[in-house]
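Any read-out appearing in this document is the output of simple, stated calculations on the displayed coordinates, not a laboratory observation. As the structure is a prediction and not an experimental result, all values here were calculated from the model. Here the Cβ positions follow ideal geometry from the backbone for every residue, glycine too, while neighbour counts run over all protein chains shown.
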Amino acid sequence: MFLPLQAVDRPLGTLELGYSGVFGSVPGQEGRANLAAFGNQVAIAVHAAVAIDNARLHEEEIKQQRLEQELIVAQAIQQSLLPLGSPQVPGWQFAAAYCSARVVSGDFYDFCELHGEPRRIGIVVVDVDAGRVIYANAGHNRPLLCRAAGDTVAELRARGILLGAFENIELEEQRVDVAPGDALVFYTDGITDALNAARESFGEARLATVIRQASAGGAQEILQAILDAVAEFVADQKQADDITCVMVKRAAEASE
């Protein structure tokens, strides 16, 4: 026995009833009236439940839209804090990449030209005439220095601790001279911790190999080689962490 369900002049479906023989072979007029009243009650209950679910779904959609709008605003604010381009300094090349894993990122980088002489660029403090770099480590991966002369890649080590996590911290200041043809690589762990399908990390050794192989190119070429190598390594795996990389390359001849 099938009972049509309708509420507010809107068909909701059909209710299938099992026959128990209470009304005989065919329900009489009173039995049909009872079934109709029962059907109306079921239709009202179903209609109310659907309305409540729709209202709840609509509320969730509004919350989701509001969250997405807030994230877009946060992304715009974060992007506005990043430099619009790289410094233009005779004898030097700069390049940077910023790849957020989500709408907003935990990474940040900046260039700033410091006042006075000699002319210096602040990523760390770089003396652009003598090639002297003053640096400190405060929680990120150690920068890498690729020497053109010996085709080697070495970490720039200095004692330090996570910046902003503790009070009264002391950071060790170190210096290194960047010779013509040398390259500096500043990067976050989104590169070395990138995982492939086998759950292997890209790692420092692969990064050093890519830098050595691409070291003859300019800053942008070395940067692109790193990004391409990471993309090839992870293939179709979802990016798990933010990736930021800043390249500094000193020209082979200071006059360039």
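Please say if segment 136-256 is rounded, prolate or oblate, where rounded means a/c under 1.5 for a ≥ b ≥ c the square roots of the C-alpha gyration tensor eigenvalues, and otherwise the choice is prolate for a/b larger than b/c and oblate otherwise? Oblate.
In plain terms, if you count all Cα to Cα distances in the chain and split them into 10 Å steps from zero, the share in each step is 6, 21, 23, 13, 6, 7, 7, 8, 6, 3, 1 percent. Put the Cα centre of segment 47-83 next to the Cα centre of segment 142-196 and the gap is 40 Å. The residue list Ile169, Ala45, Gly181 was ranked by how far each Cα lies along the charge dipole of the chain toward its positive end, using unit charges on Cβ atoms, and Ala45 comes out on top.
In a DSSP loop and with at most 16 other Cβ atoms within 10 Å, the trypsin sites (Lys or Arg not before Pro) in segment 84-190 are Arg102, Arg119, Arg157, Arg159. Dipole check for the chain: with +1 at the C-beta of Lys and Arg, -1 at the C-beta of Asp and Glu, and the Cα centre as origin, the magnitude is about 360 Debye.
Do the sum for the chain: with -39,500 (n - 2.57) for every DSSP H run of n ≥ 4, divided by all residues, what is the mean residue ellipticity at 222 nm, to the nearest 500 deg cm²/dmol?
Details: 4 runs with 85 residues, N = 256.
That comes out to -11500 deg cm²/dmol.
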